[in-house]
1. Go through (1) among the β-branched types (Val, Ile, Thr); (2) modelled with pLDDT of 70 or more; (3) closer than 30 Å to Phe87 by Cα; (4) open to solvent by 90 Å² or more (accessible area, probe 1.4 Å) for Thr42 and report which single condition fails.
2. State whether the residues of the stretch 1-8 include one that is part of a loop (DSSP other than H, G, I, E, B), at pLDDT 75 or above, among the acidic types (Asp, Glu) and under 30 Å from Gly173 (Cα atoms).
3. Within the stretch 150-182, can you find the residues that are open to solvent by 40 Å² or more (accessible area, probe 1.4 Å), over 23 Å from Thr127 (Cα atoms) and touching a strand residue (DSSP E or B) at 6+ places or on another chain (Cβ under 9 Å)?
4. Taking the stated definitions as given, is Phe191 open to solvent by 60 Å² or more (accessible area, probe 1.4 Å) and more than 22 Å from Ser62 (Cβ to Cβ)?
Amino acid sequence: MSTLEVNSIQPLSSGTTVTLGASGKTFNIPSGCTISNSGTATGFGDPNLAASCAFAAYIGSSQTNMPVNTLTTFPFDTEFFDLGSNFDTSTYTFTAPANGYYQFNTYIRLNNNDRSMTYVQFRLSTTTQTYERGIWDPNAYYNDVEYCNMVSSDLVYMNSGNTAKPQWYQGNGNANVDIPSGANQSMFSGFRVA
């Protein structure tokens, strides 16, 4: 093995690129060495990915008489913002652009909750995991409950291409529950942490 010691490597006057190595070869950077870059770094992943991956959406049209005994995705169909275009307002689903940790926050307002239902369950469903974050029994109250809020905050690991969406399930009872529209009523947001 030979050692090449130089202070600077520059392309020949007829070119603009210096190629180090060949396909299938590895350059090892030993511990204690630093790669210093004052130009454009490519091929090292996107250091700005976390900063450019965030969204917030709300339910733009009121939902009346939510289904009973059916797992239903909340219809977050209107975006506040979507940095990176990773949230789909037609499927109400976020798709992870890269492997990493993602923070999701969900707030849901439910109106007209009557005591005929056994329970209401709220969850964040991802490709690989279901995070059941709220279960509520309206029979714990003497009268029907006109307004109810369900909130969750989840830090989850996702692989590139995995999806996340907030869902609801009402066990039994009448299909009376409504979700009002508007940015101050319900929201689903998320961002890449690392």
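The values are calculated or read from the model by the stated rules, or taken from the named source; none is laboratory data. Note that the coordinates shown come from a computational prediction; the quantities given were computed from them, not determined experimentally. Note: ideal-geometry Cβ built from the backbone for every residue, glycine included; neighbour counts use all protein chains shown. Heavy atoms of the whole protein, side chains included, go into the accessibility calculation; ligands, DNA and RNA do not. Shrake-Rupley method; radii C 1.70, N 1.55, O 1.52, S 1.80 Å.
1. (2)
2. Looking only at the stretch 1-8, we keep the residues that are part of a loop (DSSP other than H, G, I, E, B), and these are 1-8.
Retained after the next criterion (residues that are at pLDDT 75 or above): 2-8.
With among the acidic types (Asp, Glu) added as a condition, the list becomes 5.
Add one more test, that the residue is under 30 Å from Gly173 (Cα atoms), and what stays is none.
No; the residues of the stretch 1-8 include none that is part of a loop (DSSP other than H, G, I, E, B), at pLDDT 75 or above, among the acidic types (Asp, Glu) and under 30 Å from Gly173 (Cα atoms).
3. Asn172, Asn176, Ser181
4. Numbers: open to solvent by 60 Å² or more (accessible area, probe 1.4 Å): yes; more than 22 Å from Ser62 (Cβ to Cβ): yes.
For Phe191, the condition - open to solvent by 60 Å² or more (accessible area, probe 1.4 Å) and more than 22 Å from Ser62 (Cβ to Cβ) - is met.
A quick yes/no check of all residues on (1) under 22 Å from Met158 (Cβ atoms); (2) open to solvent by 50 Å² or more (accessible area, probe 1.4 Å); (3) β-branched (Val, Ile, Thr):
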site: Leu83; (1), (2), (3): yes, yes, no
site: Asn99; (1), (2), (3): yes, yes, no
site: Asp114; (1), (2), (3): no, no, no
site: Arg123; (1), (2), (3): yes, no, no
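Rundown of residues vs (1) at pLDDT 90 or above; (2) hydrophobic (A, V, I, L, M, F, W, C); (3) closer than 19 Å to Ser125 by Cβ, yes/no style:
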| position | (1), (2), (3) |
| --- | --- |
| Pro47 | no, no, no |
| Phe55 | yes, yes, yes |
| Asn65 | no, no, no |
| Thr72 | yes, no, yes |
| Glu79 | yes, no, no |
